[in-house]
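In what follows, a structure is listed as structure tokens, so that the remarks can point back to it.
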Amino acid sequence: MRLDNTNIIVTGASQGIGKAIALKSAFYGADLCIVGRHSDTLKVTQGEIEKLGRKCVAITADVTDFESVTSMVKQAQETLGQINVLVNNVGWDATEQFWKNSLEFWDKIIEINYKSVLYCSRAVLDSMIENNSGKIINIASDAGRVGSSGESAYAGAKGGVIAFTKSLAREVARYQINVNCICPGPTNTPLNQGQPEKIRMAIERVIPFKRIAEPDDIAGPVVFFASSLSDYITGQVLSVSGGLTMQG
Ligand SMILES: NC(=O)c1ccc[n+]([C@@H]2O[C@H](COP(=O)([O-])OP(=O)(O)OC[C@H]3O[C@@H](n4cnc5c(N)ncnc54)[C@H](O)[C@@H]3O)[C@@H](O)[C@H]2O)c1
């Protein structure tokens with residue numbers, strides 16, 4: 001499996017799952033546009049990608065701002081050329097009972113987890129449609145498939161990402177554009193660090209593989225969806241959770 005001659009945008013690529021996706025894609029031969037809010041951490045990822053011999057443009061942008069997103073995509077196209085793959089990875093959550101959430105919290109959850117996916121997808125689609133090819137890979141969550149206590153608003157937003165994936169996949173299939181979705185289970189990233197050890201151990205006990213995912217575990221299936229090996233797969237939702245949740 002190779003990603004030669006493939007230009008990929010990965011959002012939220014300065015740490016966690018996004019960084020692992022960017023590095024694995026580069027390892028398999030892709031050139032990258034990595035996006036994040038902090039130029040210092042993005043530069044570290046950029047350096048690691050360049051050490052793998054791949055081209056990498058690092059763009060500081062806020063994916064909850066449509067103008068920022070369109071300017072980021074334009075810059076990526078000017079530097080790399082046609083964007084072949086978009087990975088909508090940015091996401092955010094904080095665990096709290098739903099009835100204690102503030103209205104501001106809901107807005108933030110919806111903007112980061114759902115609207116960012118709409119914005120980035122919209123921004124790459126014109127050129128993908130014109131080119132009659134492209135792949136969009138959305139990083140949702142198992143919370144959006146099966147629910148998660150203390151994450152109701154987040155699960156709702158991720159459920160929205162899953163439904164959007166399937167609907168957009170139907171709309172753009174005629175242009176040979178694939179839209180698929182990866183649902184990670186609990187993964188060892190900065191988003192989760194700070195979780196009490198007791199909770200982490202309880203989660204590991206119920207995962208059939210008996211360990212929480214590492215970011216690299218999520219990156220492999222993303223590379224598959226970015227590659228030509230998945231050309232006939234669209235509108236699909238893949239859980240990457242060590243067997244914690246299983247589809248019927
Ligand atoms: N870690 C898990 O257990 C887990 C489980 C299921 C799903 N996910 C999903 O996987 C994805 C990656 O999660 P992670 O754990 O690596 O998160 P993370 O918090 O470690 O990394 C997210 C990155 O996105 C960036 N980001 C956040 N808001 C942004 C914005 N508005 N504009 C640009 N960049 C922004 C952050 O700065 C950070 O670099 C998210 O969509 C998350 O919801 C994670």
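The values are calculated or read from the model by the stated rules, or taken from the named source; none is laboratory data. Computed from a predicted structure; not experimentally measured. FYI the Cβ positions are ideal-geometry reconstructions off the backbone, even for glycines, and counts take in every protein chain you see.
Summary of values
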quantity: Some residue of the range 15-35 being within 11 Å of the ligand (Cβ to nearest atom) and hydroxyl-bearing (Ser, Thr, Tyr); calculated: no
quantity: Residue list for the range 2-24, filter: in contact with a Leu (Cβ under 6 Å, 6 or more places away or on another chain) and under 22 Å from GLY134 (Cβ atoms); calculated: ASN7, ILE8, ILE9, ALA22
quantity: Search result, residues across the range 1-14 that are within 13 Å of the ligand (Cβ to nearest atom) and of a type in the set (Ser, Thr, Tyr); calculated: THR11, SER14
quantity: Unique match (being near the ligand (Cβ under 8 Å from one of its atoms), in a helix (DSSP H, G or I) and among the hydroxyl-bearing types (Ser, Thr, Tyr)) among THR41, THR45, THR64; calculated: THR41
quantity: Scope the range 212-248; condition part of a loop (DSSP other than H, G, I, E, B), aliphatic (A, V, I, L, M) and over 22 Å from SER167 (Cα atoms); matching residues; calculated: ILE212, LEU244, MET246
quantity: Residue among ILE49, ILE17 that alone is closer than 30 Å to SER149 by Cα and of a type outside the set (S, T, N, Q); calculated: ILE17
quantity: Residue in the range 17-30 that is of a type outside the set (D, E, K, R) and more than 25 Å from PRO221 (Cβ to Cβ) present; calculated: no
quantity: THR79 within 12 Å of the ligand (Cβ to nearest atom), over 23 Å from ALA157 (Cβ atoms) and polar (S, T, N, Q); calculated: no
quantity: Lone unmet requirement of (1) more than 7 Å from the ligand (Cβ to nearest atom); (2) within 28 Å of TYR232 (Cα to Cα) for GLN195; calculated: (2)
quantity: Among residues of the range 9-34, those that are outside any helix (DSSP H, G or I), in contact (Cβ under 8 Å) with a residue 40 or more places away in the chain and among the β-branched types (Val, Ile, Thr), counted; calculated: 3
quantity: VAL206 being touching a residue at least 40 places away in the same chain (Cβ under 8 Å) and not small (Gly, Ala, Ser); calculated: no
quantity: Tabulated pairs, the range 84-102, first among the basic types (Lys, Arg), second assigned to a loop (DSSP other than H, G, I, E, B) and within 14 Å of the ligand (Cβ to nearest atom), C-beta under 9 angstrom, 6+ apart or interchain; calculated: none
quantity: Top-ranked residue in the range 155-184 [being surrounded by fewer than 24 Cβ atoms within 10 Å (Cβ to Cβ) and among the hydroxyl-bearing types (Ser, Thr, Tyr); ranked as farthest from GLY16 (Cα to Cα)]; calculated: TYR175
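Matching residues to (1) farther than 30 Å from THR6 by Cβ; (2) assigned to a helix (DSSP H, G or I); (3) more than 10 Å from the ligand (Cβ to nearest atom):
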site: TRP99; (1), (2), (3): yes, yes, yes
site: TRP106; (1), (2), (3): yes, yes, yes
site: ILE110; (1), (2), (3): yes, yes, yes
site: TYR114; (1), (2), (3): no, yes, yes
site: ARG122; (1), (2), (3): no, yes, yes
site: ILE136; (1), (2), (3): no, no, yes
site: TYR154; (1), (2), (3): yes, yes, no
site: GLY160; (1), (2), (3): no, yes, yes
site: LEU168; (1), (2), (3): no, yes, yes
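Results for (1) surrounded by fewer than 23 Cβ atoms within 10 Å (Cβ to Cβ); (2) more than 27 Å from SER230 (Cα to Cα); (3) modelled with pLDDT under 95, shown as yes or no for each residue.
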{"position": "ILE9", "(1), (2), (3)": "no, no, no"}
{"position": "GLY47", "(1), (2), (3)": "yes, yes, no"}
{"position": "VAL73", "(1), (2), (3)": "no, no, no"}
{"position": "ILE83", "(1), (2), (3)": "yes, no, no"}
